[in-house]
1. State which residue is nearest to A:G101 (Cα to Cα) when the search covers only segment B:64-73 and only residues that are of a type outside the set (S, T, N, Q) and within 12 Å of another protein chain (Cβ to nearest Cβ).
2. State the number of residues belonging to segment B:34-46 that are within 14 Å of another protein chain (Cβ to nearest Cβ) and of a type in the set (S, T, N, Q).
3. Filter segment A:226-235 down to the residues that are surrounded by fewer than 24 Cβ atoms within 10 Å (Cβ to Cβ), of a type outside the set (V, I, T) and in contact (Cβ under 8 Å) with a residue 60 or more places away in the chain and list them by number.
4. Applying the selection to segment A:93-119, what residues are free of Cβ contacts under 8 Å to residues at least 60 places away in the same chain and touching a strand residue (DSSP E or B) at 6+ places or on another chain (Cβ under 6 Å)?
5. So A:T184 clears everything in (1) surrounded by fewer than 18 Cβ atoms within 10 Å (Cβ to Cβ); (2) at pLDDT 95 or above; (3) among the polar types (S, T, N, Q) except one condition, right? Which one?
6. Do you know which residues across segment A:6-25 are in contact (Cβ under 8 Å) with a residue 40 or more places away in the chain and polar (S, T, N, Q)?
7. Is there a residue in segment A:119-133 that is within 14 Å of chain B (Cβ to nearest Cβ), surrounded by fewer than 23 Cβ atoms within 10 Å (Cβ to Cβ) and not in a loop (DSSP other than H, G, I, E, B)?
8. Are any of the residues in segment A:135-144 touching a Gly at 6+ places or on another chain (Cβ under 9 Å), closer than 21 Å to A:N88 by Cβ and assigned to a loop (DSSP other than H, G, I, E, B)?
Amino acid sequence: MTVRIGVVTFPGSLDDRDAQRAVRIAGAEPVALWHGSHDLEGVDALVLPGGFSYGDYLRAGAIAALSPIMAEVKDAAAKGMPILGICNGFQMLVEAHLLPGGLIRNDHQHFVRRDQKLTVENSDTAWTNTFRAGQEIVIPLKNGDGGYIADDATLDRLEGEGLVAFRYAGVNPNGSLRDIAGLTNEAGNVVGLMPHPEHSVEPGFGPDTAVAMRSGIDGLGFFASAVAAVARVAA
Amino acid sequence: MPTIVVDVMPKSELLDPQGKAVSGAFARLGVEGFADVRIGKRFELTVEGEVTDELLAEAKRVADEVLSNSVIEDVVGVEVVE
């Protein structure tokens, strides 16, 4: 069985084709979906890609989170479909209340672009099951509105329930509270993060590693995890 | 035409990076006497005809559900300006 993973394109999405490519390299079939539709075309999993939907007007991801297809995305999330929000997609998941908290302007006000070290905190989700808890990975980060915030009670709950999926390691690039880079929901099917796994899936095009320039492919594990999660449900 | 003005501010307990940047500019310019600057948003909803109670209630609803994100922001005012 070929796993079919939908990638939703919104007005202002930038990384939808990169996400499709990552899905393909992970051995799944990418399915291009459109924000204005109400049809998920029977996909097994979903990616909300990065970019600047609606120019980040109102709040980053806010208007995209009100798109027609988001009704189906919310239904699918409730039914357990693996859904990954990357960067602007993470902002949409937060705005759609599929993940808690909010993302605001980086604390230093600058757009940041770097190869970012992360610690995988939760390896039991649909998008992290090929990693080990505590594993350090490096994938690109590029955002202006990446500061994760929530009130103390929410932050304590996230930590207590193991819902912090990724934490920034080495450097906190944007002022995110408690170094939070990504979250999972309680069921582990909905995951969002600011850094970009889809840009780190093919040797020659990823971050530098100790072995060779641009050889980093740590992002591939996200997509391989989703393929494994779908296969496990189907089995 | 009457206008309903909605004011939204970042929650007071949360960091406001934009306000902080303006505070920094004040310090560089030698502007004194202001302990803090916070930046919010003002929305002007133009109404055709009369502002009914229903319409004002609708404005409050969209202020809470669309114009603001209650996790990071507070709606600090919804008022009619003629």
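The values are calculated or read from the model by the stated rules, or taken from the named source; none is laboratory data. Being a predicted model, the structure only gives us computed values, none of them experimental. Neighbour counts run over all protein chains shown; Cβ positions are idealised from the backbone, glycine included.
1. Quick first cut of segment B:64-73, residues of a type outside the set (S, T, N, Q) only: B:64-67, B:71-73.
Filter once more, so that each one left must be within 12 Å of another protein chain (Cβ to nearest Cβ): B:65-67, B:71-73.
Numbers: B:E65: 15, B:V66: 16, B:L67: 16, B:V71: 6, B:I72: 7, B:E73: 11 Å.
Once the filter is applied, the top-ranked residue is B:V71.
2. 0
3. Within segment A:226-235, A:A228, A:A231, A:A234 meet the criteria.
4. Selection gives A:G102, A:I104, A:R113, A:R114, A:K117, A:T119.
5. It fails just one condition, (1).
6. A:T9, A:S13
7. The first filter runs over segment A:119-133 and keeps only residues within 14 Å of chain B (Cβ to nearest Cβ), leaving none.
No, segment A:119-133 has no match at all.
8. The answer is no, given that none of the residues of segment A:135-144 is touching a Gly at 6+ places or on another chain (Cβ under 9 Å), closer than 21 Å to A:N88 by Cβ and assigned to a loop (DSSP other than H, G, I, E, B).
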